[in-house]
Amino acid sequence: MNDTAHRTALVTGAGTGIGRAAALALLDAGYRVALVGRRVAPLEETAGLAAVPARALVLPADVSDPEAVQALFARVKAEFGRLDLLFNNAGISAPAVPVDQLSAEQWQAVVNVNLNACFYCAQAAFALMKSQSPRGGRIINNGSVSAHAPRPNSAPYTATKHAISGLTKALALDGRAFDIACGQIDIGNALTEMAMPMTRGVPQANGSLMAEATMDVAHAASAVLYMAGLPLSANVLNMTVMATNMPFVGRG
């Protein structure tokens, strides 16, 4: 279905940062978009920023809770009738401390949001996309350049993003029989509130502190929109979009 006016999307973590930018890009392109996140106020703010706010559906939910995810997708089916795109974007990081100082609770929190929630949403999307008519859809997982190379003191975040790469490939394989495409976007230093420390200086692998180049988050959003707009016969399995001068190439 190439007519975006009849296409539907669900974006997790849609209240801030990359999720908000991607949701707005999809809304402006004509999609109906379910805005998902834990807090209502940021989601409503995202909806209010859209050119046509009526296309947005604010659905607060904790996507690390499998029961909440099932209820969320049931609501999407009831409201939209189908789902063409899931952007699995929600993510958190743990404090940047040495691995031996990281608590089990901090580790588990990152795993729950970055990996478990991604799986729960993909699982629910598969069930809906397999059963709807026309059948199929697309899942885009937000990886990270950390899916390829870590930053110092980032074991939970890096481990979950490496796991997303494996999950993406498994979903891409398992989705073939049902016209479900799955790809991953690895974003480097998009200038969101979370990335603001990059402009002031962040630890490097050699122990130094250095400010890093950033890019407008709109470039990440436009990349998601491109991936979403492909026909289901084509798929971007993996895309890296990053600030040109960030120290990723050569890291490690």
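Some observations on this one:
Listed here are the residues, each with its yes/no results for (1) out of contact with any Gly (no Cβ under 7 Å at 6 or more places or on another chain); (2) modelled with pLDDT of 95 or more; (3) not acidic (Asp, Glu).
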site: Met198; (1), (2), (3): yes, no, yes
site: Asn206; (1), (2), (3): yes, no, yes
site: Ser222; (1), (2), (3): yes, yes, yes
site: Tyr226; (1), (2), (3): yes, yes, yes
site: Ser233; (1), (2), (3): yes, yes, yes
site: Asn238; (1), (2), (3): no, yes, yes
site: Pro247; (1), (2), (3): yes, no, yes
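- Positions within region 203-252 being polar (S, T, N, Q) and either closer than 30 Å to Tyr31 by Cα or loosely packed, with under 12 Cβ neighbours inside 10 Å (or both), in sequence order: Asn206, Ser208, Thr214, Ser222, Ser233, Asn235, Asn238, Thr240, Thr244
- Search result, residues across region 165-178 that are closer than 12 Å to Ile139 by Cβ, free of Cβ contacts under 8 Å to residues at least 60 places away in the same chain and either of a type outside the set (Gly, Ala, Ser) or surrounded by 23 or more Cβ atoms within 10 Å (Cβ to Cβ) (or both): Leu167, Leu171, Asp174, Gly175, Phe178
- Close contacts from region 145-156, counting a first residue that is farther than 9 Å from Ala96 by Cα and among the hydrophobic types (A, V, I, L, M, F, W, C) and a second that is modelled with pLDDT under 90 and surrounded by 18 or more Cβ atoms within 10 Å (Cβ to Cβ), with Cβ to Cβ under 8 Å and a gap of 6+ residues or different chains, come to Val145/Phe248; Ala149/Phe248.
- Count of residues meeting criterion [touching a Lys or Arg at 6+ places or on another chain (Cβ under 7 Å), in a helix (DSSP H, G or I) and closer than 26 Å to Tyr157 by Cβ] in region 59-91: 0
- Condition check for Val241: in a strand (DSSP E or B), under 20 Å from Gly143 (Cβ atoms) and not charged (D, E, K, R): yes
- Tally of residues being in a loop (DSSP other than H, G, I, E, B) and either closer than 22 Å to Ala74 by Cβ or of a type in the set (Val, Ile, Thr) (or both) across region 34-58: 3
- Extreme residue, surrounded by the most Cβ atoms within 10 Å (Cβ to Cβ), among residues of region 66-85 that are without any contact (Cβ under 8 Å) to a residue 40 or more places away in the chain and under 19 Å from Phe119 (Cβ atoms): Ala68
The values are calculated or read from the model by the stated rules, or taken from the named source; none is laboratory data. What you see is a predicted model, and the numbers here were worked out from it, not measured in a lab. Virtual Cβ from ideal backbone geometry, glycine too; neighbours counted across all protein chains shown.
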